[in-house]
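Okay, structure first, notes after.
The values are calculated or read from the model by the stated rules, or taken from the named source; none is laboratory data. Owing to the predicted nature of the structure, the values given are computational and were not obtained by experimental measurement. Don't worry about glycine lacking a Cβ; one is built from the backbone with ideal geometry, like all the others, and counts go over all protein chains shown. The protein model used for the area step is the full one, side chains on, heavy atoms only, and it has no ligands, DNA or RNA in it. Shrake-Rupley method; radii C 1.70, N 1.55, O 1.52, S 1.80 Å.
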Amino acid sequence: MTLQGLTVLVVGGGAAGMMAALVAAERGGRVVVLERLGQPGKKILLTGNGRCNITNTRLESAFYHGAPFSFTDRVLRSFPPPLTMEFFKSLGLVCVEEEGGRVYPSCGQASAVLSVLRFEMERRNVQVHCGAEVRRLSSDEKTFKAETKDGRSFLADRVIVAAGGKAYPQLGSDGSGFDLLAALGHRVIPPFPVLVQLNLQGSFLKEVDGVRFNGGAAVVSHGQVMREEVGEIQLTSYGASGIPIMDLSRAAGECLRDKRPAHLELRLLPNRAPQDILADVQNRISSRHDETLERALVGIVHNKIIPVLIQMAGFKNRHVACRQAPAQNVENLAGLLNRWSFLITGTQAWDRAHATAGGVDSTEIDPGTLRSKIVPGLFLAGEVVDVDGDCGGFNLQWAWSSGYVAGLHAATP
C-alpha cells in the first residue's frame, strides 16, 4: 500500500516511537507508525512491576552507559524529566515522585500510561498499522520505502527508526531495527542483555535458592572493582537477582563480551567493618564452647546460608563443636561474610533482560537532532541507539527524550 503525501514514517510503536509520532504530528507532519505486534506499547505495561516507572528526576552520567554522556545528556536535556511530567499531566496523567527520584503515575497503573498515549495519537490523527513488521527499508535520497513482511509498502519523506533493542523479544524487540540500520550503512555495536540476572558458578546454589538479604555487591575483574551497588539481593538456583544485580549486569556483560574473567563479590553484612565481623564471629564461637558451629551462627545471616559458608570456610561439617573450630577456618568464615566471591558465567537470556546494551554507534548520529549522518532524512530514537540506563526510570526517560528530539526534527522542513 502506498500512502500519498506521508511526511514521517515511524518504525516501532514503543515508548520512543509513540513520543516521536506525537511530536512529529504536533509539528504538522502526517505521521504513520508501523508496529510489528498487535498493539503498540506493550512493553510499557511491564515497566515498574506494572506501575510504570515513567522517569527519574536525576540526570547524572553514572546512570547512563554506552554512548559518551555528552551525547546522551544533550538529548536528555532537550526534553528532561520535568517536561516529561508536564507532558503526561497535559494528557490527564498526574505523576508523583518517590524514593530515589523515581516517578510513577499517581494511579499506579502502567496501562493508564499506554492509554493516554494511544488516545493522544488518535487525537492527533497518527495512523497506526499493527502487524506491520518492516523487513526492508530503502532510500533513493528523496523518498524512503518501507516494505513489510506481509507485502505492504509505505513511502515517506522522513523515517524515524524506533524499533527497540533485543530485550523482551516476546514483546517485539527482536533486534530487527539493528538489521534495518546496518543494511543502510550504520555501524551497530554488538548488543548484549543488561538489567538482567547473573548466572554464577556454585554447586550449592540450589541450597540457597530464594534467599533474600540487604547487602552489597560488586563486579570484580583482575582484582579491579568495575562497579558496586547495595540493596536487596536474591540468591537463585542459577545465580543472583535483585535491583543491585540488575544494575551490575552492565559491568558484568562488558567483561563477558571482552572475554575477561568476572566475579560477583557479595557483602552479607555491608554496614560492618571486616574487623568487627571477625570479632563478632570469634566471640560467638568462644562463648559457646559446647554448641555446634551452625547453632552459634544463627542470627548473623539467613539460616539457609550458614551451612554453605561453613563448608566453604573449610570446616569438616556444620555440626562441629565450637571448641573444636580451627582459628584459620574461623577467619575464613568471617572473610566470606565480608566478601563472598562467585565466578560470573553469564547472564540470563534476552527474554528476561529489561534493556539492551549496544546499538547504533552514536558517532554516526547528530545529538542535536538525532538525524543520521549516514542517510539523509533518517532519524533514530530509543534502544536502537547505543544508550542504556540503570533501573529506576532512566531507560524510559531516554525513550521519551530521544523520541521527542527525533520527532521534532523529522517533521521540521
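Being polar (S, T, N, Q) and surrounded by fewer than 16 Cβ atoms within 10 Å (Cβ to Cβ) is the filter; apply it to the stretch 270-291 and report the residue that is farthest from A313 (Cα to Cα). Write out each step before concluding.
So the first thing to find is which residues in the stretch 270-291 are polar (S, T, N, Q), and the list is 271, 275, 282-283, 286-287.
Within this subset, residues satisfying the condition of being surrounded by fewer than 16 Cβ atoms within 10 Å (Cβ to Cβ) are 271, 275, 283, 286-287.
Working: N271: 22, Q275: 17, N283: 17, S286: 17, S287: 20 Å.
Among those residues, the one meeting the criterion is N271.
Mind checking which residues of the stretch 304-315 are open to solvent by 20 Å² or more (accessible area, probe 1.4 Å) and touching a helix residue (DSSP H, G or I) at 6+ places or on another chain (Cβ under 9 Å)?
Here is the first cut: in the stretch 304-315, the residues open to solvent by 20 Å² or more (accessible area, probe 1.4 Å) are 304, 307, 311-312, 314.
Within the stretch 304-315, K304, P307, M312, G314 meet the criteria.
Taking the criterion of being hydrophobic (A, V, I, L, M, F, W, C), over 20 Å from G100 (Cβ atoms) and either crowded, with 24+ Cβ neighbours inside 10 Å or touching a Ser or Thr at 6+ places or on another chain (Cβ under 7 Å) (or both), would at least one residue in the stretch 37-51 satisfy it? Step through it out loud before you land on a result.
At the first step, the residues of the stretch 37-51 found to be hydrophobic (A, V, I, L, M, F, W, C) are 37, 44-46.
Among the residues that remain, those that are also over 20 Å from G100 (Cβ atoms) are: 37, 44-45.
Okay, now just the ones that are also either crowded, with 24+ Cβ neighbours inside 10 Å or touching a Ser or Thr at 6+ places or on another chain (Cβ under 7 Å) (or both), so 45.
Looking through the stretch 37-51, at least one residue is hydrophobic (A, V, I, L, M, F, W, C), over 20 Å from G100 (Cβ atoms) and either crowded, with 24+ Cβ neighbours inside 10 Å or touching a Ser or Thr at 6+ places or on another chain (Cβ under 7 Å) (or both).
Looking only at the stretch 201-240, residues that are closer than 16 Å to K304 by Cβ and open to solvent by less than 20 Å² (accessible area, probe 1.4 Å) come to 9 in all.
Which one is modelled with the highest pLDDT, of the residues in the stretch 103-141 that are among the acidic types (D, E) and exposed (fewer than 15 other Cβ atoms within 10 Å of the Cβ)? Give the derivation first.
So the first thing to find is which residues in the stretch 103-141 are among the acidic types (D, E), and the list is 120, 122, 133, 140-141.
Within this subset, residues satisfying the condition of being exposed (fewer than 15 other Cβ atoms within 10 Å of the Cβ) are 122, 140-141.
Numbers: E122: 97, D140: 90, E141: 78.
Only one residue tops the list, namely E122.
Selection of the stretch 20-47 for residues being among the charged types (D, E, K, R) and under 30 Å from V196 (Cβ atoms) yields E35, R36, K42, K43.
One residue is enough: does the stretch 162-179 have a residue meeting the conditions more than 25 Å from W350 (Cα to Cα) and assigned to a loop (DSSP other than H, G, I, E, B)?
Initial filter on the stretch 162-179 (more than 25 Å from W350 (Cα to Cα)): none.
Looking for residues that are more than 25 Å from W350 (Cα to Cα) and assigned to a loop (DSSP other than H, G, I, E, B), one finds none in the stretch 162-179, hence no.
For first residues located in the stretch 143-159 and within 18 Å of T7 (Cα to Cα) and in contact (Cβ under 8 Å) with a residue 60 or more places away in the chain, partners that are open to solvent by 60 Å² or more (accessible area, probe 1.4 Å) and β-branched (V, I, T) and lie 6+ apart or on another chain with Cβ distances below 7 Å form the pairs S153/T2; L155/T2. Do we find that L93 is over 30 Å from D361 (Cβ atoms) and assigned to a loop (DSSP other than H, G, I, E, B) in this structure? It is true that L93 is over 30 Å from D361 (Cβ atoms) and assigned to a loop (DSSP other than H, G, I, E, B). Could you check, for the stretch 374-385, whether at least one of its residues is surrounded by fewer than 17 Cβ atoms within 10 Å (Cβ to Cβ), without any contact (Cβ under 8 Å) to a residue 12 or more places away in the chain and over 19 Å from D73 (Cα atoms)? No.
Of the residues K89, K43, the single one that is basic (K, R) and free of Cβ contacts under 8 Å to residues at least 40 places away in the same chain is K89.
Remark: R51 falls outside the filter, which requires a residue to be out of contact with any Gly (no Cβ under 6 Å at 6 or more places or on another chain), among the basic types (K, R) and either without any contact (Cβ under 8 Å) to a residue 24 or more places away in the chain or more than 30 Å from P190 (Cβ to Cβ) (or both). Condition (residue is over 21 Å from G172 (Cβ atoms) and within 27 Å of the chain's Cα centre (by Cα)) applied to the stretch 348-362: is it met by at least one residue? Yes, there is a match, as at least one residue in the stretch 348-362 is over 21 Å from G172 (Cβ atoms) and within 27 Å of the chain's Cα centre (by Cα). Within the stretch 200-213, can one find any residue that is free of Cβ contacts under 8 Å to residues at least 60 places away in the same chain and acidic (D, E)? Checking the stretch 200-213: at least one residue is free of Cβ contacts under 8 Å to residues at least 60 places away in the same chain and acidic (D, E). Restricting the search to strands (runs of 3 or more DSSP E) fully inside the stretch 313-382 and requiring at least 1 residues that are modelled with pLDDT of 95 or more and either under 18 Å from R250 (Cα atoms) or among the small types (G, A, S) (or both) gives 340-347, 355-360.
If you take the residues in the stretch 383-411 that are within 14 Å of the chain's Cα centre (by Cα) and assigned to a loop (DSSP other than H, G, I, E, B), which one is farthest from C52 (Cα to Cα)? Looking at residues that are within 14 Å of the chain's Cα centre (by Cα) and assigned to a loop (DSSP other than H, G, I, E, B), I get D386.
Can you tell me how many residues in the stretch 329-368 are of a type in the set (A, V, I, L, M) and in contact with a Phe, Trp or Tyr (Cβ under 6 Å, 6 or more places away or on another chain)? Step through it out loud before you land on a result.
Just the residues of the stretch 329-368 that are of a type in the set (A, V, I, L, M), to begin with: 330, 333-334, 336-337, 343-344, 349, 353, 355, 357, 360, 365.
So of that shortlist, the ones also in contact with a Phe, Trp or Tyr (Cβ under 6 Å, 6 or more places away or on another chain) come out as 357.
Going through the stretch 329-368 one residue at a time, the tally reaches 1.
Of the residues in the stretch 269-276, not one is at positive phi and of a type outside the set (V, I, T).
Please pick out the residue among A357, A327, A399 that is out of contact with any strand residue (DSSP E or B) (no Cβ under 9 Å at 6 or more places or on another chain), within 30 Å of P270 (Cβ to Cβ) and among the hydrophobic types (A, V, I, L, M, F, W, C). Give the derivation first.
On the way: A357 fails: out of contact with any strand residue (DSSP E or B) (no Cβ under 9 Å at 6 or more places or on another chain); A399 fails: within 30 Å of P270 (Cβ to Cβ).
Of A357, A327, A399, the one residue that is out of contact with any strand residue (DSSP E or B) (no Cβ under 9 Å at 6 or more places or on another chain), within 30 Å of P270 (Cβ to Cβ) and among the hydrophobic types (A, V, I, L, M, F, W, C) is A327.
Inspect the stretch 140-156 for any residue being closer than 25 Å to T363 by Cβ and of a type outside the set (F, W, Y) and give the result as yes or no. Yes, that holds for at least one residue.
Among the conditions (1) part of a loop (DSSP other than H, G, I, E, B); (2) without any contact (Cβ under 8 Å) to a residue 24 or more places away in the chain; (3) at negative phi, D290 misses just one, which is (2).
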